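So the structure is just underneath, and the comments pick up after that.
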Amino acid sequence: MMTQELRETAERIKNSAKKMIWVTFQKEGIHCYPAAAVDPALATGDQYDVSFLASPHRHIFHFRVWIAVTHSDRDVEFIQFKRWLEQLYSGPSSVLQLNYRSCEMIAEELYLQIAARYPHRNVWIEVSEDGENGCFIKFDTHRPQLISV
């Protein structure tokens, strides 16, 4: 049984918690790393050679995107958020292009789209190639979270 003091402390912690939701999706893409063919640190000619990355190659890019929410009752509805993110990569006139971009560049470009639609929110983005290797970037606004009671 909780004492009144513990209950008040727990309530304070609950009310001041930073809340985020996350969604995942995948996107088939083709990209390349042109510098891999000419940079001696990459085109090493030995077991560490990755010069093949200079040629366009296919991946399934895996995304996990977190976004700050201001309350616990579907501030951002995650199915709608996920569908919006997926449509950024659909069709011939998609907003985001892979081209030569690294996972980090893809995450940064995606963040700009999210920030335009959902300003002043912390956003964390993970992008990986085939769910194997990737990046994780925290885009924090350093603004206090709005707290609803």
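Just give me the residues in region 117-140 being charged (D, E, K, R), under 15 Å from Lys82 (Cβ atoms) and assigned to a strand (DSSP E or B), in sequence order.
Once the filter is applied, which keeps residues that are charged (D, E, K, R), under 15 Å from Lys82 (Cβ atoms) and assigned to a strand (DSSP E or B), region 117-140 yields only Glu126.
When you look at Glu104, is it outside any loop (DSSP other than H, G, I, E, B), modelled with pLDDT under 95 and not hydrophobic (A, V, I, L, M, F, W, C), yes or no? Don't jump to the end; show me each part of the working.
Values: outside any loop (DSSP other than H, G, I, E, B): yes; modelled with pLDDT under 95: no; not hydrophobic (A, V, I, L, M, F, W, C): yes.
Spelling it out, it is not the case that Glu104 is outside any loop (DSSP other than H, G, I, E, B), modelled with pLDDT under 95 and not hydrophobic (A, V, I, L, M, F, W, C).
Out of curiosity, is Ser72 surrounded by fewer than 15 Cβ atoms within 10 Å (Cβ to Cβ), of a type in the set (Ser, Thr, Tyr) and over 28 Å from Ala115 (Cβ atoms)?
no
Being modelled with pLDDT under 95 and either over 16 Å from the mean Cα position of the chain (by Cα) or closer than 15 Å to Ile137 by Cβ (or both) is the filter here; which residues of region 62-94 pass it?
Matches in region 62-94: Thr70, His71, Ser72, Asp73, Arg74, Ser90, Gly91, Pro92, Ser93, Ser94.
Show the residue pairs meeting these rules: Cβ distance below 8 Å; 6+ apart or different chains; first residue within region 5-34 and closer than 22 Å to Leu98 by Cβ and aromatic (Phe, Trp, Tyr); second residue modelled with pLDDT under 90 and surrounded by 11 or more Cβ atoms within 10 Å (Cβ to Cβ).
Tyr33/Tyr100
Which ones in region 21-67 are among the hydrophobic types (A, V, I, L, M, F, W, C) and assigned to a strand (DSSP E or B)?
Within region 21-67, Ile21, Trp22, Val23, Phe25, Ile30, Ile60, Phe61, Phe63, Val65, Trp66, Ile67 meet the criteria.
Checking Asp73 against (1) closer than 16 Å to Ile125 by Cβ; (2) among the acidic types (Asp, Glu); (3) part of a loop (DSSP other than H, G, I, E, B): exactly one of these is not met. Which one?
(1)
For residues in region 118-146 being loosely packed, with under 13 Cβ neighbours inside 10 Å and charged (D, E, K, R), which is modelled with the lowest pLDDT?
Only one residue tops the list, namely Arg143.
The values are calculated or read from the model by the stated rules, or taken from the named source; none is laboratory data. Since the model is a prediction, treat every value here as computed from it, not as a measurement. Note that we place each Cβ from the backbone using ideal geometry, even for glycine, and neighbour counts take in every protein chain shown.
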